[in-house]
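In what follows, a structure is listed as structure tokens, so that the remarks can point back to it.
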Amino acid sequence: MLSAGAADNRSYQTADEAVQELFKALMTGLQFTTQARLGRPMGTFERPRARRAEARRSGRSLRHVQLSIAALDDLADLLAKQTPILGKTLSKRFQRVASLARDLDDPVFANVALPQGRIRVEVLQQSIEIIALLCREELGPALGVVTGFNAMDGD
């Protein structure tokens, strides 16, 4: 039989695990957006691969990025409730990314084959990577969690 203290401790561990999983979902979403949704069609400078863009045939590649960023912004906002200054910083970063995506005007990343088009997608990708870095170095420690492993790590 568990004592009242033991039951409270078990509940506390469950809350910690939930925060860990939410943080991991945030980090995985940011990583998937930069590596798969943006990185895959960018390919390399010498060999862009716009035809590998997610949802290219339906013309929704950029829209998927926009929806992902909006959802990840909401999740980051929830996780940063206890750190209002960091929450505002993250919110501004997400707004910047949303603005960059809105201004891209390339629904299937076809312009990654052109130097200017590629640079615009790279700027968007780097802006998302900055958010991931901020989350990893500031939000995670503020929450008492670490990124951990995910399926995209390749191991």
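Can you classify segment 50-155 as rounded, prolate or oblate using the Cα gyration tensor, where a ≥ b ≥ c are the square roots of its eigenvalues, rounded means a/c under 1.5, and otherwise it's prolate if a/b beats b/c and oblate if not? Cα axes put segment 50-155 in the prolate bin. Rounded to the nearest 0.05, the FRET efficiency derived from the C-beta distance between ALA142 and THR44 at R0 = 41 Å is 0.65. Of the trypsin sites (Lys or Arg not before Pro) in segment 57-121, the ones in a loop by DSSP (not H, G, I, E or B) with at most 11 other beta carbons within 10 Å are ARG57, LYS81.
Each Lys and Arg adds +1 at its Cβ and each Asp and Glu adds -1 at its Cβ; summed about the Cα centre, the chain shows a dipole of about 820 debye.
Each value in this text was obtained by applying a stated rule to the coordinates, not by laboratory testing. The structure displayed is predicted, hence computed values, not measured ones. So basically every Cβ, Gly included, is an ideal-geometry build from the backbone, and we count neighbours across all protein chains shown.
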